[in-house]
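Q: Input: one structure, supplied below.
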Amino acid sequence: MQTLDEQIAEWRSHLSAGTTESDLEELESHLRDQVDDLAAVGLSDDEAFLIAVKRIGGADELSREYAREHSGRLWKQLLPPASRPDPGLGSALAIAAAAAVAVHLPRFAVDPAGDPLPMLRNVPVIVLAFLGLYFLVRRGPTVRTAIWTGIPFLIATLVLNLYPWDPDGQMVVISIPATTTVLWFTIGLPYMGGTWRDHERRMDFIRFTGEWFIYMVLIALGGGVLTGLTAVLLGEGLVEWLVISGAAGAVVVAAWLVESKQSVVENMAPVLTSVFTPLFAVLLVAASVDHLAGGFEFDRETLGIYDGLLVVVFGLVLYATSARDPERPPGWMDRIQLVAVGSALLLDGLVLGSMIARVGEFGLTPNRVTALTLNLVLLVNLVWAGWLGLRFVTGRTVFHRMERWQTTYLPVFGLWAATIAAVLPLLFDFA
Amino acid sequence: MQIEKDLVAASATPIVLAILAEGESYGYAILKRVRELSDGELEWTDGMLYPLLHRLDRLGYVTTEWRVPPQGRKRKYYAVTDIGAAALAEHRRQWAAVTRTLDGIWHQSRVAPQGAG
């Protein structure tokens, strides 16, 4: 017959999915308290153990509950096998193949000798439509989700193809990344299973975005080698088709990889963040010192560069937030991040100040309005994130507030991109 | 009498916070206190308390500390924070509104049949 210790050890091993070592220790402490109390009223160890285990609840149910609570950090690989959805390689490959073919369709709709821009304009819409389809299929499609996902795609198609764009204007070029951004947020709806309101799911979507990006970079590296060899071995004629189809298919395949190979990237993201946050912090502090000492050249392109800078810092903050265990007390990484955010804000403040002061001199163009508004949208986000970060490292607030700020702010980016894509062209006469 | 599952789930957070507001405690003792306060009518699956405590920790409502009392085993102690106390006060307001409403209805419906009869 087993001793009590052996029984408890076995029970612990049944529970281990979804729980951490500390969780198990706490549960064991509880179990032993219960066994002691029951033994004190005359039950044998064996009887007491059975009753105590029964009271704690089923291992599956408990593991699932823990996995849900840990969902942010340890995510889906911790869900007990029964509730883990099938990764659906078949449907992913079919949809990726369809995307790879469909991406060439606009080519046939225009005169081959004519302007290639109408084709380029529609490529992101087509590719993202297939990504949306993939998530609709994966999550179990509902009519409501399908309709709400379809509407932005329809509007984007109409805007891109029916607005009387000036082919030489700035607006037509801006509209492509702007609609792509809007549609990326639209993908969030089927990704999150048809709800926009759940903040935890929004955080999952942020994580998905970052991990998808990492996979895309990895695939692009491999794809580059493949393309180079194809060009050498089979001639350059095939390369254009290969690259376009490959990139379109990769969008869906990368999404599938994120979904099914979660644990691989889960380990990579925090490492990348911890490597690059200090490096960027050093760069930003050096640049701030340099600029404050008076040596900075301001010209028309400066704002674009600083937008890029803010995007990178925002990306680091966002990714660090999504990868961090919210229960850990503030550490040196949080302080370094705060230094990075502070210096970025300082730099951006300098640039933005001179930009606004000289807007009359330069005049407002679509490019400048886009750069300026993007800058403001990011600035507001980072100012508040920096403030919350300061309160967090000084122990006056909890990390949850930072997460909540980022998930609350998410729709602002979508609305900004939608405005740039659909409203700004009207103001600038499509030029 | 067995209290319905949804009601148990909804009341779990304020109950745990209220117990911790009496003084810091650990899981097993919290559950004993729940049983004692509800005369055994509020039946929890014991294990479910721990994911809930995790959530409260994540939201910053409680602080945690592993400690070994002089006689006894290693336990994780929970204590309510200022944010937790504020959340408890909010829960309390909401529950007070619910019970006030129900009392009102039940008071009237008890009177009504008598008035009719």
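The values are calculated or read from the model by the stated rules, or taken from the named source; none is laboratory data. Since the model is a prediction, treat every value here as computed from it, not as a measurement. Cβ coordinates were reconstructed from backbone atoms using ideal geometry, including for glycine residues, and neighbour counts include every protein chain displayed.
Q: Where in the range A:278-391 are there helices (runs of 4 or more DSSP H), lying wholly inside it, with at least 3 residues that are closer than 30 Å to B:Thr63 by Cβ, touching a residue at least 40 places away in the same chain (Cβ under 8 Å) and among the hydrophobic types (A, V, I, L, M, F, W, C)?
A: Counting at least 3 such residues, we get A:302-323, A:332-357.
Q: Looking for whichever is farther than 21 Å from A:Ala94 by Cα and among the small types (Gly, Ala, Ser) here; the options are A:Gly224, A:Gly249. Which one fits?
A: A:Gly224
Q: Within the set of pairs 6+ apart or on separate chains, which have a first residue in the range B:71-83 that is more than 10 Å from chain A (Cβ to nearest Cβ), a second that is among the basic types (Lys, Arg), and C-beta atoms under 8 Å apart?
A: So the pair list comes out as B:Tyr77/B:Arg67.
Q: Next question. Would you be able to say whether some residue in the range A:355-362 is under 27 Å from the mean Cα position of the chain (by Cα) and more than 14 Å from chain B (Cβ to nearest Cβ)?
A: no
Q: Can you give me the number of residues within the range A:37-53 that are part of a helix (DSSP H, G or I) and more than 9 Å from every other protein chain (Cβ to nearest Cβ)?
A: So the answer is 11.
Q: Moving to a separate point now. Please determine whether any residue of the range A:410-429 is away from every other protein chain (no Cβ under 14 Å), surrounded by fewer than 20 Cβ atoms within 10 Å (Cβ to Cβ), of a type in the set (Phe, Trp, Tyr) and part of a loop (DSSP other than H, G, I, E, B).
A: Yes, some residue in the range A:410-429 is away from every other protein chain (no Cβ under 14 Å), surrounded by fewer than 20 Cβ atoms within 10 Å (Cβ to Cβ), of a type in the set (Phe, Trp, Tyr) and part of a loop (DSSP other than H, G, I, E, B).
Q: Condition check: within 30 Å of A:Val127 (Cβ to Cβ) and either over 29 Å from the mean Cα position of the chain (by Cα) or modelled with pLDDT under 70 (or both). Does A:Lys76 satisfy that?
A: Judged against the criteria, A:Lys76 is a match.
Q: Among the numbered criteria (1) closer than 23 Å to A:Gly414 by Cα; (2) part of a helix (DSSP H, G or I), which single criterion is violated by A:Leu221?
A: (1)
Q: Within the range A:295-330, restricting attention to residues that are among the aromatic types (Phe, Trp, Tyr) and modelled with pLDDT of 75 or more, which residue is farthest from A:Leu347 (Cα to Cα)?
A: Checking each candidate, the answer is A:Tyr319.
Q: Right, next: All but one of (1) at pLDDT below 70; (2) crowded, with 17+ Cβ neighbours inside 10 Å hold for A:Ala48; which doesn't?
A: (1)
Q: Please pick out the residue among B:Glu36, B:Glu41 that is within 23 Å of A:Ser29 (Cβ to Cβ) and either away from chain A (no Cβ under 14 Å) or not basic (Lys, Arg) (or both).
A: B:Glu36
Q: Got a sec? Which of B:Ile19, B:Ile15, B:Ile30 is within 11 Å of the chain's Cα centre (by Cα), within 12 Å of chain A (Cβ to nearest Cβ) and at pLDDT 90 or above?
A: From the options B:Ile19, B:Ile15, B:Ile30, the qualifying one is B:Ile30.
Q: Test B:Arg92 against the stated conditions and say whether it is more than 10 Å from chain A (Cβ to nearest Cβ) and under 25 Å from A:Asp36 (Cα atoms).
A: No; evaluated as a whole, the condition is false for this residue.
Q: Only one of these conditions is not met by B:Thr63: (1) more than 9 Å from every other protein chain (Cβ to nearest Cβ); (2) on the phi > 0 side of the Ramachandran plot. Which number is it?
A: (2)
Q: Which numbered condition in (1) more than 10 Å from chain A (Cβ to nearest Cβ); (2) surrounded by 20 or more Cβ atoms within 10 Å (Cβ to Cβ) is the only one that B:Tyr50 fails?
A: So the condition that B:Tyr50 fails would be (1).
Q: Condition test on B:Glu43, is it among the acidic types (Asp, Glu), within 30 Å of A:Arg396 (Cβ to Cβ) and either out of contact with any Ser or Thr (no Cβ under 7 Å at 6 or more places or on another chain) or without any contact (Cβ under 8 Å) to a residue 12 or more places away in the chain (or both)?
A: no
Q: Out of all the residues in the range A:18-27, is one or more surrounded by 14 or more Cβ atoms within 10 Å (Cβ to Cβ), farther than 23 Å from B:Arg67 by Cβ and touching a residue at least 24 places away in the same chain (Cβ under 8 Å)?
A: Yes.
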